[in-house]
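So the structure is just underneath, and the comments pick up after that.
The values are calculated or read from the model by the stated rules, or taken from the named source; none is laboratory data. Predicted, not measured: the structure shown is a model, and the values here were computed from it. Please note: Cβ atoms are built from the backbone with ideal geometry, for glycine as well, and neighbour counts cover all protein chains shown.
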Number of protein chains: 2
Amino acid sequence: MKFICEKNSLQEAVSTAQKAVTGKSNMAVLEGLLIIASNNEITIIGSDKDLSIETKIKAEIIEEGSIVVDSKLFGEIIRKMPNYQIELSKDINGNSLEITCKKSKAIVKCMNEEDYPSLPYIEDNININISQGVIKNMIKGTIFSVAQDEIRPILMGVLLEIKNNKINFVALDGLRLALRYENIDSDKDISVVIPGKTLNEISKILSDTNDIVNITFTQNQVLFNLGNTKIISRLLEGEYIKYNSIIPYDHKLKVIVKKDEILESIERASLVARETDNNFVKLDMVDDLIVITSNSQLGNVREEVNAIMQGEEIHIAFNSKYLIDVLKNLDEEEIIMELTSSISPCILKNKQNDNSIYLVLPVRFLNA
Amino acid sequence: MKFICEKNSLQEAVSTAQKAVTGKSNMAVLEGLLIIASNNEITIIGSDKDLSIETKIKAEIIEEGSIVVDSKLFGEIIRKMPNYQIELSKDINGNSLEITCKKSKAIVKCMNEEDYPSLPYIEDNININISQGVIKNMIKGTIFSVAQDEIRPILMGVLLEIKNNKINFVALDGLRLALRYENIDSDKDISVVIPGKTLNEISKILSDTNDIVNITFTQNQVLFNLGNTKIISRLLEGEYIKYNSIIPYDHKLKVIVKKDEILESIERASLVARETDNNFVKLDMVDDLIVITSNSQLGNVREEVNAIMQGEEIHIAFNSKYLIDVLKNLDEEEIIMELTSSISPCILKNKQNDNSIYLVLPVRFLNA
């Protein structure tokens with residue numbers, strides 16, 4: 001194997017493929033990157049057991065072939081090379097990779113290529129086309145609600161659901177739920193659960209643009225095809241919670257409030273709230289005024305935020321962390337909160353655009 | 001105590017005084033900031049056993065007085081407050097501080113003010129005036145060479161020495177030395193050793209400008225007076241090493257080389273060097289060419305850097321970390337290396353400006 005390519009495009013490709021190399025696999029070879037030179041392009045592949053990333057760049061191939069090298073060391077060497085053409089070649093014995101760039105030469109031991117697992121076969125069955133920016137945004141807007149503990153493994157993933165010409169992303173743990181949806185032109189019904197960790201890496205590779213990503217679904221895998229880059233993630237097994245039955249479609253109080261004002265007030269109140277006490281903050285919603293209070297042995301905070309209220313007065317308390325997470329993911333100047341009682345879930349959403357629904361369970365308190 | 005001031009100037013003053021609050025003291029009250037309101041200004045003081053910082057800002061004093069509050073919590077509350085006028089007042093019982101800003105009110109428990117130690121008395125004995133930017137730069141250019149282990153405590157400080165109308169900063173551990181000097185108009189001889197840790201905090205407060213800092217020296221303390229801010233550091237006891245006898249003033253090879261080229265080459269070579277092997281890299285200096293090599297079980301790197309050489313050829317090896325530290329602190333395009341043999345220290349300095357001298361000891365190697 002021997003080829004010449006541009007240092008910058010090689011560095012970018014390595015950085016993309018490395019996102020699948022977690023070092024947490026128990027197969028040593030998965031700490032490597034597989035590099036394949038053929039047909040005037042090189043393919044770089046990184047994998048762990050849940051995620052595989054394959055990316056291609058143009059190169060001048062002098063001799064076809066392939067090699068596996070340590071991902072971290074190879075990536076660092078490429079990154080530190082001067083910004084010129086770079087030559088990579090496997091030595092005669094097939095034991096090492098020689099990297100030459102101007103007057104620099106590095107020789108890196110290679111790993112056993114035969115041990116490198118082949119990528120999962122993806123049957124081109126059901127697939128959709130959608131903008132990368134839209135998917136990236138839907139991931140960002142839900143992934144923070146994925147369960148962090150392994151009590152119910154299915155909740156450590158994000159539900160991707162297509163039905164009735166809508167694509168939904170849903171994440172929930174025991175105390176909150178995030179739902180984002182967009183219109184899509186698809187007559188197929190799909191329901192898969194993608195691990196939160198792989199989705200997080202996928203969102204780093206997706207661009208903020210309207211460039212298309214083609215998503216293919218199989219029984220056990222999902223493939224995100226960006227053109228030069230393909231990302232394959234394992235799916236989580238099992239049935240997801242019927243989230244629709246959790247979301248209340250009725251309420252007794254509707255509150256319209258400026259997002260930045262309530263966010264900053266809750267952030268200040270949370271400064272004296274304690275994690276051991278569920279980051280407890282109380283919201284008294286009466287007569288177009290939200291009074292936010294918190295107290296602990298450190299001190300106490302009282303905040304007033306003006307709002308427009310329709311309905312009954314409500315006194316309710318939350319884990320401030322959950323409210324802050326949601327408020328940071330709403331992007332309009334004004335937001336809506338819908339409440340029913342001090343022990344019922346609270347709905348939060350943008351005032352105009354209805355493509356996000358967030359739900360946060362309250363924390364019980366004495367003397368409500 | 002009751003006063004009104006601007007949120008932004010209060011936040012900046014708190015951030016300055018907090019640099020002395022390390023949380024490592026065994027006196028609980030030193031996790032607090034002392035706030036004193038009198039004479040149309042407020043003074044904020046932070047301290048640990050080695051460092052005290054006092055800073056003043058203008059305020060509208062309604063009632064004079066003082067209070068001690070937890071540094072971290074108070075700092076976070078001030079930082080999160082809206083950018084308006086802010087009112088601080090001690091409650092009637094003297095148990096807490098009430099912070100009011102627009103519609104936000106926070107009440108923070110206060111600490112026992114009587115336990116707060118008084119600042120060391122600084123007799124205005126010997127003092128000098130010098131530009132803050134110059135001192136900041138001298139600290140940055142030497143502090144990385146301070147010893148990190150406590151085997152010889154005096155080496156955990158930087159020697160500040162004034163003699164013959166020069167001010168010298170010197171730091172050394174067993175394997176390298178950093179010396180920076182500037183001209184100064186002073187007829188006094190001074191030699192003190194300032195702890196590296198406090199000097200690091202001091203450099204964060206000094207500006208990059210030509211604003212003057214007045215430095216006062218006493219037996220046990222040094223005071224940096226910036227006008228509104230005063231910083232007092234404990235001095236280290238004991239005699240510093242006679243560093244002049246370590247620096248060779250003769251050499252057998254002088255090398256002139258582009259700094260970025262040799263720095264980047266050594267950085268690449270260090271990628272396969274191992275910490276367990278002293279980050280060993282070898283430099284062969286022959287016929288205007290520096291060949292840099294390193295190897296380990298990971299692989300090997302060979303780099304060529306052109307240079308202008310005067311004198312004998314030399315083959316020498318170093319801990320690459322030490323060379324990289326020095327090269328990053330030299331700021332000219334071309335630098336000079338002066339060498340005598342493979343077992344003698346190497347001198348590094350800027351080609352033009354002679355106000356920096358760095359010395360790095362070589363690492364021994366077989367088959368020299």
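Evaluating A:Val281 against the criteria (1) exposed (fewer than 15 other Cβ atoms within 10 Å of the Cβ); (2) within 14 Å of another protein chain (Cβ to nearest Cβ) leaves one unmet condition, (1).
Within the span defined as segment B:310-324, every residue fails to be among the polar types (S, T, N, Q), under 25 Å from B:Gln352 (Cβ atoms) and buried (at least 19 other Cβ atoms within 10 Å of the Cβ).
The set of residues in segment B:96-119 that are touching a helix residue (DSSP H, G or I) at 6+ places or on another chain (Cβ under 6 Å), surrounded by 14 or more Cβ atoms within 10 Å (Cβ to Cβ) and away from chain A (no Cβ under 14 Å) contains only B:Tyr116. Please find, among B:Glu60, B:Glu41, B:Glu98, the residue that is over 30 Å from B:Met156 (Cα atoms), touching a Ser or Thr at 6+ places or on another chain (Cβ under 6 Å) and modelled with pLDDT of 95 or more. The match here is B:Glu98.
Check A:Lys188, A:Lys258, A:Lys242, A:Lys230 and return the single one that is under 22 Å from A:Val326 (Cα atoms), more than 14 Å from chain B (Cβ to nearest Cβ) and charged (D, E, K, R). Full working, then the answer.
Working: A:Lys188 fails: under 22 Å from A:Val326 (Cα atoms); A:Lys258 fails: more than 14 Å from chain B (Cβ to nearest Cβ); A:Lys230 fails: under 22 Å from A:Val326 (Cα atoms).
The conditions single out A:Lys242.
Consider segment B:348-368 and keep the residues that are of a type outside the set (S, T, N, Q) and more than 20 Å from B:Ala147 (Cβ to Cβ). The one that is modelled with the lowest pLDDT is B:Ala368. Scanning segment A:72-85 for residues that are more than 10 Å from chain B (Cβ to nearest Cβ) and farther than 21 Å from A:Lys19 by Cβ yields A:Asn83, A:Tyr84, A:Gln85.
Among the criteria (1) more than 23 Å from A:Asn83 (Cβ to Cβ); (2) in contact (Cβ under 8 Å) with a residue 12 or more places away in the chain; (3) touching a strand residue (DSSP E or B) at 6+ places or on another chain (Cβ under 8 Å); (4) of a type outside the set (Gly, Ala, Ser), the one B:Lys321 does not fulfil is (3).
In the condition set (1) farther than 30 Å from B:Leu235 by Cα; (2) in a loop (DSSP other than H, G, I, E, B), B:Lys24 is compliant with all but (1).
Working only within segment A:242-278, note down all residues that are among the β-branched types (Val, Ile, Thr) and surrounded by fewer than 19 Cβ atoms within 10 Å (Cβ to Cβ).
At the first step, the residues of segment A:242-278 found to be among the β-branched types (Val, Ile, Thr) are A:246-247, A:255-257, A:262, A:266, A:272, A:276.
Selection gives A:Ile246, A:Ile247, A:Ile256, A:Thr276.
Looking at segment A:83-94, is at least one residue part of a loop (DSSP other than H, G, I, E, B), in contact (Cβ under 8 Å) with a residue 40 or more places away in the chain and over 26 Å from A:Ile232 (Cβ atoms)? Steps first, please.
First, pick out the residues of segment A:83-94 that are part of a loop (DSSP other than H, G, I, E, B): A:83-84, A:91-94.
Now restrict to residues that are in contact (Cβ under 8 Å) with a residue 40 or more places away in the chain: A:83-84.
When the remaining residues are screened for being over 26 Å from A:Ile232 (Cβ atoms), the result is A:83-84.
Within segment A:83-94 (the criterion being part of a loop (DSSP other than H, G, I, E, B), in contact (Cβ under 8 Å) with a residue 40 or more places away in the chain and over 26 Å from A:Ile232 (Cβ atoms)), the answer is yes, since at least one residue qualifies.
Select, from B:Leu289, B:Leu361, B:Leu348, B:Leu330, the only residue that is surrounded by fewer than 20 Cβ atoms within 10 Å (Cβ to Cβ), within 24 Å of the chain's Cα centre (by Cα) and over 19 Å from A:Ile77 (Cα atoms).
B:Leu361
The residues of segment B:293-330 that are part of a loop (DSSP other than H, G, I, E, B) and within 14 Å of chain A (Cβ to nearest Cβ), listed by number, are B:Gln297, B:Leu298, B:Ala307.
I'm trying to understand the selection: among the residues of segment B:266-278, which are under 21 Å from B:Asn350 (Cα atoms) and either at pLDDT below 95 or more than 7 Å from chain A (Cβ to nearest Cβ) (or both)? Outline the logic, then answer.
Here is the first cut: in segment B:266-278, the residues under 21 Å from B:Asn350 (Cα atoms) are B:266-267.
Correct list: B:Ile266 only.
Within segment A:134-144, is even one residue within 14 Å of chain B (Cβ to nearest Cβ) and either free of Cβ contacts under 8 Å to residues at least 12 places away in the same chain or not in a strand (DSSP E or B) (or both)?
Looking for residues that are within 14 Å of chain B (Cβ to nearest Cβ) and either free of Cβ contacts under 8 Å to residues at least 12 places away in the same chain or not in a strand (DSSP E or B) (or both), one finds none in segment A:134-144, hence no.
Residues in segment B:120-128: is at least one surrounded by 14 or more Cβ atoms within 10 Å (Cβ to Cβ) and farther than 26 Å from B:Glu182 by Cα? Write out each step before concluding.
Of the residues in segment B:120-128, the ones surrounded by 14 or more Cβ atoms within 10 Å (Cβ to Cβ) are B:120, B:122, B:126-128.
Then drop every residue that is not farther than 26 Å from B:Glu182 by Cα, which leaves B:120.
Yes, segment B:120-128 has at least one match.
Among strands (runs of 3 or more DSSP E) lying entirely in segment B:219-292, which contain 2 or more residues that are closer than 28 Å to B:Leu155 by Cβ and not assigned by TED's automatic domain parsing to the domain that holds B:Gly157? Steps first, answer last, please.
On the way: elements: B:221-225, B:229-234, B:253-258, B:280-286.
Output list reads B:280-286.
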